1. If r is the Cβ-Cβ distance from Lys722 to Asp228 and R0 is 25 Å, what FRET efficiency results, to the nearest 0.05?
2. Calculate, in nm to one decimal, what Asn574 and Tyr635 gain on full extension: separation in residues at 0.36 nm each, minus their alpha carbon distance.
3. Summing Lys, Arg as +1 and Asp, Glu as -1, what charge do residues with Cβ under 14 Å from the Cβ of Val595 carry, Val595 excluded?
4. Between Ala408 and Lys744, what's the calculated FRET efficiency when r is the beta-carbon distance and R0 is 56 Å? Round to 0.05.
5. Any lysines with Cα under 25 Å of the Lys802 Cα? List them, leaving off those in the same chain fewer than 8 positions away.
6. Taking all protein chains in place and a 1.4 Å probe, what share, in percent, of the accessible surface of the range 711-814 do carbon and sulfur account for?
7. With a 1.4 Å probe and all protein chains left in place, how much of the accessible area of the range 308-442 comes from carbon and sulfur atoms, in whole percent?
8. For the range 634-744, report the accessible area per residue in Å² (1.4 Å probe, heavy atoms, rounded to an integer).
Amino acid sequence: MAFHWRIVHSSLGLFVFTTLACFPLSATKQSCIRKQDNFSSIPETRYGSNPHPTSGAILVLYHMVHTFLDMVQPNPFPTDLIKTFVNNNKEIEKNYQKILRYEVGFIVCAGIGLLFFILMPLVGIFFCCCRCCGNCGGAMYQEQTESINCKRKTLAAILFLVTTVMLAGSVCMFVSNEKTTESLQDNGTLLRIPSENLKIYLRAILTEVTAITNSSTVPINSVTGNLDNIGSNLGVAIREKLGETIYPALNSAFQLAQGIDETNKRLLLINSTAANLLHQQEVLEQNLTAIRQNINNIFNNCSSQCVNAQDLLKDLHLLTNFNMVPNMDTEIEALNRIANTNLSSIVQMGDKAFNDIPALLVNQSAGTVSEMKKSITDVKAQITNVTKDFPILTSINSVINMIDDITAKIDIYLPLVQQGDKYRWIVGIVLSCIILLVVLCNYLGLLLGAMCLKPDVDPTERSSLSNCGGSLFMVGVCFSFIFSWLLILLVFIMFIVGGNVYSLVCKPWVNDELFQVIETSGLTANVDLAQSLGLQNTSLNINSIYNHCQKNMSVWKVLHLSQTFNLDEHLNLNKYTGDISSEFDKLDVNFSGIVLLDKQGKQTVKDFLNTGVNDLNFTSISEQLRMPLFKKDLYVIAEKLQNNSKTAPEPFKTDLNNEAASLKELDGWIQSNMMPNIEILKENIKNLQANSSQIQVNGNATLSKVDSAQTFLHTKALGIIKNESKIFLDCQFDYLIAYVNWTKTMITENLARCRPVADAFDSVETIACSYFLDSLNAFWFSLGWSTIFFIPSIIFAVKLAKFYRRMKTSDLYDNGDSQFEMNPLQQ
């Protein structure tokens, strides 16, 4: 039972000692637990799908038109002329030569068109008169030659190619005419997309600014939470820092308390074990005395018949005397009084008082923490004010209203334009049909002539279908002369307008020259974009804004908001951090109530040093315990006695064997009863002897460590509190500063990236130029090339018609000899 209690007590002591010893090992520096990743990111804004540039086979036609216009107008953009016109439109008259040089390509083309416009009707009139007079192919007579078939086929092939080119132009006219109408019909919907995207973008600015400032709740709540948990944050840090000195002293005191308890238990065990051994020694002495007397009587009665065994009797005397073990009742009584003071509990009370530093800090810093939380609230209010003072936010609604006004005007006039486009579409269809009519006349003429013409038939006897084919050629020629001047006039008008719009607007727009020219020419002199957006002390360049937006830069950089809004001033936390620091400097934690080891505990240690345990003479005791109980083992003596009995007569032999058995039985009793007590006594005396030599040293060292730790706690704790408080406060400031830096980065780099603005302007360019103007230019281009090909069509149709029409005068050709038979004209 004593051994069991000793094991349990030692295990409990080891556990408590390990717990105390772990504190200084786990003491670490304060670490700032930041969660910058929890700052709310700028919400993603979804925009409508912007119109995409035209794609497909129609691009080939548009490319041809662009190539033609680039050849007609290869000159660079007339920036100087635009500036002159804008600044003083009267000066433009003095620069007419520059205008002519710039427009020389259009002038040449206009001259060609004008010449075509004048000559085609005149040529048509003269041609008609010439035909009526029987000339210009009007005579219904055709000379028959060897090459007539080859000539007819060549003319037919050329006319077919020319007509095919005209058909391609007519098809392109139909397609481009339809594209133009589609672009105008869809413009209402398409124009709403960039306008809606612009409004979404403008509204997103306020949303993003609000999201950025609202992210202040993350660091504010974190700092506030750290202040609410100041005990587990700062208190634990202070305790761990102080624990580097305090815990070793407490560990030493606890080990000493454990040593006192262990010494007391060992002394009790030694005393009780020694008492048991003394009693057992008396029992053993009585038994040995009886056995010695019996053996001696046997040998005396046996006389000469037995071997003398006096030597055996000498070995049956006990060598060890347990009366040499001193009585320790005095020391035990003194240790019992010390143990009753329960030094371990006193040490644990000091340890608990020290470990309650976090709770002590919470109680004594409640007022300071409350003031600091008020300052943190002021920081949040200042950050929130950024939303109220941020530039352009107040003008967003006016800009949105302006966009709505523009959209409303478009909605008013666009239906009128679309209604007018219906008539334009009809005109385009009619013009395409005129070209198609000439094409059909030529194709039908070729079809009827080629299929119904019999080369060996006399020209005067050609079939009606063949004659109809030739007549269709002449009908096509007639239509060509009638409509060509009107068609070329329309081409001329659309070419001048559409070509110049392409060269002066769409081309420089695509090449990023338009906004630069608008800005430098003074066209926007009366428009103060900065003032419209409510910005002061800054100037905005439209071209620069457009270029920056194409690079998707933030609105802060694009609008130069740094010249209007001092972000550093609005996010300056120095004032509040100073107030917080001054409040935190007032933090003072009083550790006077923490007593590591009270007077009773110290007196207990001193009493332990004076118990006299360390003065006990363990040398004589150890010498006695090292001695054997007998000179020879009882079992060996019993064996010798049995050997001697073999020569003895009866009844002495039996008596000797009985005594030998008694010795063996006594030896067994010694092994089972006395020897365990002897071993217990040896072990405890050995341990007590080893520990008692250090009692004085350990006790004095413990008292010294505790006094030093207590002095350190009262003298150095304030400095540690200040240092750890500064680390804690810097951690909170670092978190706020990290948020401020993140906010600056978000506002200056990521806030309202304005690519949607550039996309909106690009969408307008796509709608106006790629959809509408390109299709309109493609229409007059197709009409122009078809009209130009009227000339070869007329020439080859007139020449080919005579090969298919029925002649009135025959010309026979046979076997290379010319024989003419003139048939009189039929009346």
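The values are calculated or read from the model by the stated rules, or taken from the named source; none is laboratory data. This one's a predicted model, so the numbers in the text were calculated from it and none came from an experiment. All Cβ positions, glycine included, derive from the backbone under ideal geometry; neighbour counts span all protein chains shown. Side chains included, ligands, DNA and RNA excluded: accessible areas come from the protein's heavy atoms. Shrake-Rupley method; radii C 1.70, N 1.55, O 1.52, S 1.80 Å.
1. About 0.70, to the nearest 0.05.
2. 12.4 nm
3. With Lys, Arg at +1 and Asp, Glu at -1, the neighbours total -1.
4. The formula returns an efficiency of 0.90 here.
5. Straight-line reach from Lys802, under 25 Å: Lys151, Lys153, Lys454.
6. Its accessible area is 63 percent carbon and sulfur atoms.
7. 59
8. Dividing the accessible area of the range 634-744 by its residue count gives 47 Å².
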